[in-house]
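Accompanying notes for the structure given below.
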Amino acid sequence: MNPVEVETRIGRAREMLVGYPAETVEAAERFLRKGDAGALDRLVAGVIAYHRPAGASGKKDETEPEGSARLVEDLGFDSLAMVEMSFLLDELLGLRLSDDEMRALRTYDDVRGVVRARAAAA
Amino acid sequence: MRTRRVLITGLGLITPIGNDRAAVTRSVRALKHGLRRVEWFAECPVKLAGIPEEFELEGFNHAAWRWSARYAIGRETVRSMPPNSVYGYCATEQALADAGLTREALGDGRTGFFGASAGSPRMMAHHVNETAAARGTKVHPWAVMHSVAGTLNFNLAAHYGIRGAVTGFVSACAASGHALGYAFDEIALGRQDRMIVVGAEEPTWEMLVPFSGLRALSRQTEPEKASRPFDVERDGFVGGGGAAAIVLEAEDAAERRGAKEVYAELAGWGQAADGHSVAQSEPEGRGVEAAMRRALADAGMNAGDLNYVSAHATGTVVGDRAEAKALRRVLGESGVAVSGMKALTGHTLSMAGALSVAITSLAVREGFVPGQAHLREADPECAGLNLPRETRDGAVRAAMCNCSGFGGSNVALVLRKA
């Protein structure tokens with residue numbers, strides 16, 4: 001990407017991440033500018049936390065889950081939260097996930113893995 | 001067979017003339033309009049709209065939207081909403097609090113929800129364009145829910161856990177009038193004990209500017225000259241939006257729970273279509289006349305029993321004239337006061353019937369007769385109506401609210417002091 005494209009993508013990312021914690025926005029910016037893998041992981045963590053539905057108590061669990069945590073069974077994701085999260089990651093990082101690839105995401109590690117593999121290529 | 005009286009026990013108002021009943025009452029008493037200058041496009045001749053204050057619902061990221069600090073809307077609630085449903089949510093919260101009802105009480109299966117909205121042209125255009133740009137390979141998860149006409153009832157009925165009758169009405173500017181009429185029937189016929197009726201519309205350029213294609217909008221830039229029902233110089237309507245929420249309850253159900261507020265009885269309603277034109281009123285107003293006569297018969301009343309009529313009166317040349325002719329035939333020489341609230345609020349489209357009934361409920365409850373704002377010289381073709389120039393104190397024992405929509409649908413609703 002040339003510098004103009006990078007800045008355009010950062011601008012779009014900032015718009016998409018309105019309402020997210022500052023560290024998530026910063027992580028997106030750092031990844032898009034420098035390709036920093038640690039920043040990408042922090043971005044995924046922020047996106048997972050944002051899309052994780054509030055439980056029956058109405059309170060969100062803010063602690064970062066283990067990598068083996070299952071999105072649906074452990075983190076409470078429903079199919080709507082899954083498509084919303086996938087759509088955002090797609091838009092943000094140009095992943096172009098197919099429906100089958102999205103359906104194959106079972107755990108936090110699965111999400112991190114596919115994002116690491118695809119974002120670097122995008 | 002009807003067996004029960006239907007009462008109005010809660011109101012919620014997010015409008016161009018105020019965001020609660022006290023503010024709306026003040027505006028109607030002072031005939032203070034809520035039309036604002038808009039600069040959507042420099043070249044665009046539409047320069048005025050009725051837009052509620054305290055709301056900023058621009059752009060397509062819900063996290064950047066702002067609403068009145070009086071309401072909390074969680075991310076998981078707002079994410080599937082277009083602007084009209086945010087207004088609708090706040091009006092409903094207000095109406096439920098006003099009625100003394102909590103969310104928990106609404107899932108009893110005896111409570112229903114009827115919505116009236118034209119949907120969200122803004123969200124629809126955005127999602128359709130994005131989908132086209134991606135050649136159908138990528139569609140926003142909420143594209144449909146953000147856009148279509150039923151989104152108001154989808155969002156709110158689900159949020160409130162309603163298990164009774166839920167549907168939406170799409171008869172354009174008669175839609176919330178129809179919603180109220182059919183909600184009245186649900187209760188009167190014993191099918192439901194309580195109905196929440198919400199009319200909501202978003203005053204965006206995508207919603208309003210298209211009406212200029214029919215030459216239906218005023219080209220004036222001064223509010224006092226722009227929205228002037230029955231005036232000889234009227235030249236079209238000014239668009240508006242927001243939401244009006246009304247709680248209807250069977251008298252017995254309201255008594256059982258000790259409802260704290262009763263604004264008025266909804267005593268009956270009637271409808272009749274013009275059978276004339278897709279877009280224009282039938283020039284003699286025969287459809288709206290039939291709707292009014294049916295509403296009065298439904299309520300078991302005569303025109304002489306009325307103290308006030310809230311006319312549809314959008315400020316278009318043809319529409320106001322047709323309604324005036326119908327009103328003259330129905331009201332005769334009775335001298336019943338008539339006024340059109342769209343001078344103050346603009347024409348809020350699908351929301352208009354509910355807004356008219358809500359304002360008239362306040363008039364019945366508090367004892368004032370709303371005056372006709374922005375009337376300099378009554379059109380001779382609208383002559384013979386008693387159009388008071390000011391809002392005056394005075395008992396309103398019974399009143400009628402008219403609304404009419406595209407295709408010639410007409411609805412009239414009769415309110416009576418409870």
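Cα centroid separation, region B:92-149 to region A:1-38: 31 Å.
Among A:Leu92, B:Leu355, the ranking by other beta carbons within 10 Å of each residue's beta carbon, starting with the fewest, stands as A:Leu92, B:Leu355. In chain B, Cα pairs under 8 Å separated by at least six residues give a relative contact order of 23 percent. This ranking places A:Thr24, B:Thr345 by how few other beta-carbon atoms lie within 10 Å of each, fewest first, which gives A:Thr24, B:Thr345. A Gaussian network model of chain B, with springs between Cα atoms under 10 Å, assigns the largest mean-square fluctuation among B:Gly59, B:Gly12, B:Gly335 to B:Gly59. Cα centroid separation, region B:1-60 to region B:189-253: 8 Å. Here is the list for region B:141-204: trypsin sites (Lys or Arg not before Pro) lying in DSSP coil, each with at most 16 other C-beta atoms within 10 angstrom of its C-beta, are B:Arg163, B:Arg191. Quick check on the protein assembly as shown: take the gyration tensor over C-alpha atoms, sort the square-rooted eigenvalues as a ≥ b ≥ c, and tell me if it's rounded (a/c under 1.5), prolate or oblate. Taking the square roots of the gyration eigenvalues as a ≥ b ≥ c, the protein assembly as shown is prolate. List the relative contact order of chain A as a percent without decimals, with contacts defined as Cα pairs under 8 Å and 6+ residues apart. Answer for chain A is 24 percent.
Just checking the listed ones, B:Asp274, B:Asp231, B:Asp252: in the Gaussian network model of chain B with Cα springs under 10 Å, the one fluctuating most is B:Asp252. Cβ crowding within 10 Å, taken as a proxy for footprinting-reagent exposure, orders B:Glu104, B:Glu233, A:Glu29 from fewest neighbours to most as B:Glu104, B:Glu233, A:Glu29. Label positions at A:Val18 and B:Arg66, each projected 7 Å from the Cα along the C-beta direction, are separated by 1.1 nm.
Just so you know, all these numbers are worked out from the coordinates, no wet-lab data involved. None of these values were measured; they are calculated from a predicted model. Cβ: placed from backbone, ideal geometry, glycine included. Neighbour counts: every protein chain shown.
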